[in-house]
Structures are given as C-alpha cells and as structure tokens.
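Asker: Have a look at this one before I ask anything.
Read-outs: derived from the displayed coordinates by stated rules, not from any lab. What you see is a predicted model, and the numbers here were worked out from it, not measured in a lab. In this analysis, Cβ positions are derived from the backbone assuming ideal geometry, glycine residues included, and neighbour counts consider all displayed protein chains.
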Amino acid sequence: MPLCFIEPQEAIRVVAESIGREARRQLLGEVVRAWVDEIPDDELAVHYAKAVEELDDDDLSMLAAWHASLEVGHPIANKEFLLGAFMHLGDHRREALRIAAGFKGDDAFEAGVSEEQALDTVLPWLSPERLLQLAAEALDLYCWDRLGSDN
C-alpha cells in the first residue's frame, strides 16, 4: 500500500508521530539544521543571539569549548564573549548557530516541549526543496527506527 501525502511537511509530521524517542530527537535535530541552512546571512547574528541568550551554563561551556577548537582567541563561557566572537567565526557562523540552536532544542525536548510545537515553529520557514529533502530524511529515520534501533 503506497503512502501519499499532499505536502512534505505533513509527511514529516506523520513520521514524527510514528517513531521512537531517539529517532524523534534526531528528526528534530535535522529540522533545526535545515532551518539554520535557510536563514539569510544578514539574519544569522540575530538568531544566534536569541539562541545563546537561552542557554544554561553547561551549554555555554560546551559552546565555548567548540570556539576553542577554532582557535578564535581564549574563549570564555559567557554570553558576552560568545556573542562578540560570532562575527569573527567567518564560515563557521552557521555551525555555531546550529550548535546553539541544537542545545536550545535539546533543552526544550527534555522540558517536554512537544515535537508538534517545534515543527509548527520551524517547518513554515523552510523552502519547498528543503522540505522535500527533510521528508526523505524523515522516511529514512522511520525505517531506521522500525528496523531495530535501540529505542
């Protein structure tokens, strides 16, 4: 029996409701990465500031450690340093935002924010092409989950 969906974002939602916890976490990570990829360059700093503002001390430390791996000075695990260093990251700015948004997403996931809320927030901002790619990734995760992951 073939599955048919009118819109890729509906396929993503159905898959999210049909998979286990670890696969859902991975799918939400893919959704966040897709969203970051779609942000125009001139808006990256604004979104990074919002993501960093909501991080706890442990997440700030891990983000600072990532900065240290890039050798952009001696990183300090505080919001002011991380925000100030962002523009000096060059091609790594998107990755910094992915990491910060990922920490924020993990915290929301642990706090019980539903996948539905996260999908409602992010999916409308994605391009049709990106939604198709994400739907294909969602189906891969569905198969992975159903074929024997350690969920």
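Asker: In nm, give the distance between the simple-model label positions of residue 78 and residue 21, each being 7 Å from the Cα along the Cα-to-Cβ direction.
Answerer: For residue 78 paired with residue 21, the spin-label model returns 3.6 nm.
Asker: Between residue 68 and residue 132, what FRET efficiency follows from the Cβ-Cβ distance if R0 is 25 Å, with the result rounded to 0.05? List each step's numbers first, then the result.
Answerer: Values: r = 37 Å, r/R0 = 1.49.
According to the calculation, E is roughly 0.10.
Asker: Tell me the label only: which of (1) 36, 14, 12; (2) 35, 20, 13; (3) 31, 17, 13 is semi-axes √(5λ) of the Cα gyration tensor in Å as calculated from this structure?
Answerer: (3)
Asker: Given the options 119, 18, 143, identify the residue whose Cα lies farthest towards the positive end of the charge dipole of the chain (+1 on Cβ of Lys, Arg; -1 on Cβ of Asp, Glu).
Answerer: Towards the positive end, the residue furthest out is 143.
Asker: Return the calculated 222 nm mean residue ellipticity for the chain, to the nearest 500 deg cm²/dmol, obtained by summing -39500 (n - 2.57) across DSSP H runs with n ≥ 4 and dividing by the residue count.
Answerer: The helix contribution divided over the chain gives -22000 deg cm²/dmol.
Asker: Under the rule of at least 5 residues apart or a separate chain, name every residue whose amide H is placed under 5 Å from the amide H of residue 77.
Answerer: none
Asker: Stretched out fully, how many nm does the piece from residue 54 to residue 14 gain, at 0.36 nm a residue minus the Cα gap?
Answerer: Stretched fully, the residue 54-residue 14 segment lengthens by 11.5 nm.
Asker: In nm, give the distance between the simple-model label positions of residue 7 and residue 116, each being 7 Å from the Cα along the Cα-to-Cβ direction.
Answerer: Calculated label separation equals 1.6 nm.
Asker: Determine which residues of the range 53-78 fall in the zone a paramagnetic label at residue 45 would reach in this model, i.e. backbone nitrogen under 17 Å from the point 7 Å along Cα→Cβ.
Answerer: The answer is 53.
Asker: Got the relative contact order for the chain handy, in percent, Cα pairs under 8 Å and 6 or more residues apart?
Answerer: 43
Asker: Angle, helix 8-18 long axis vs. longest principal axis of the chain, Cα atoms, 0 to 90°, nearest 10?
Answerer: On a 0 to 90 degree scale, this one is about 80.
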